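Down below is the structure, laid out as C-alpha cells.
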Amino acid sequence: MITPAKTAMRLATALAPAMMLAACASVPMTDSETIATASLLDTDGTPTGEATLMGVGDTVELSVTVAGLTPGEHGFHLHTTGRCTLPDFTSAGGHLNPSDEGHGLLDDDGSHLGDLPNLVAGPNGTARAQVTIGTSRDYVLDNIFDADGTAIVIHADADDGRTDPSGNAGSRVRCGVLTPVT
C-alpha cells in the first residue's frame, strides 16, 4: 500500500538531484586564471612541491603543495627577490614589504604583503594551503612582478606572527621563484 508519506518521500527523492542542479546553476562561478607558478626546491635542489598564483576576480590567491617537511607548522612568506640560490636561499632577500609595515599577521599595526599564514605539515610531511594575498590584484601583481621578481620561501619553524623581521621562523628549507605563465 502506497501511503501519502511514501509518495512524498518518492517525490522528494526524485526531485532532489534536479533541485541541487538548479541551486548550482544559480550560483555564479568565479573564474580563476593561472598567473604564475613556482617549483619549490629543497636545500639540495630537489623539487618537492609547487605553488600556483591565481587571479580570482580582483583578488590573487596562492596555492601551495609541498612534501618532505617536518610535521608541524612552518613559516611561509613571499620574499623580495626571485632567486633561490642553494643551499640556504638567502638570495631571496627579506620579506616582500613594499609598504614598510611591521612583520606578522598578529602585528598590532597590520601585516605586510609577504606575510602568509603558517603552513601545517601533516605526519607524512605534506602541506597544502590556498591563501588570498594582499588587497587588490593590481597592487599584488605590481609588487610581485617587479624588476627582480619574488620568491616563495618556507621556513623550518613556525612564524610567531609578530617578531620583526622574520617571525623567528628559522632557516629557509624550501624556495621557489614565481614565474609568469605566458
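The values are calculated or read from the model by the stated rules, or taken from the named source; none is laboratory data. Since we're looking at a predicted model, the values are computed, not measured. Don't worry about glycine lacking a Cβ; one is built from the backbone with ideal geometry, like all the others, and counts go over all protein chains shown.
Could you identify the single residue in ARG83, ARG128, ARG162 that is assigned to a strand (DSSP E or B) and basic (Lys, Arg)? Residue meeting the stated conditions: ARG128. Restricting VAL131, VAL140, VAL173, VAL153 to those that are touching a Cys at 6+ places or on another chain (Cβ under 7 Å), touching a residue at least 40 places away in the same chain (Cβ under 8 Å) and within 24 Å of HIS74 (Cα to Cα) reduces the list to VAL153.
When the range 73-98 is filtered for residues that are farther than 14 Å from PHE145 by Cα and within 17 Å of the chain's Cα centre (by Cα), the ones remaining, listed by number, are GLU73, HIS74, GLY75, PHE76, HIS77, HIS95. For ASP148, the requirement of being part of a loop (DSSP other than H, G, I, E, B), of a type outside the set (S, T, N, Q) and modelled with pLDDT under 80 is not met.
Selection within the range 127-182: residues that are within 18 Å of THR90 (Cα to Cα) and of a type in the set (D, E, K, R). The member of this set that is surrounded by the fewest Cβ atoms within 10 Å (Cβ to Cβ) is ASP148. Candidates HIS79, HIS155: the one that is touching a Ser or Thr at 6+ places or on another chain (Cβ under 8 Å) and within 21 Å of MET54 (Cβ to Cβ) is HIS79.
Here is a check on your reading of the model: is ASP115 among the acidic types (Asp, Glu), under 12 Å from SER166 (Cβ atoms) and modelled with pLDDT under 95? Yes: the conditions hold for ASP115. For the range 161-182, the tally of residues that are basic (Lys, Arg) and under 18 Å from the mean Cα position of the chain (by Cα) stands at 2.
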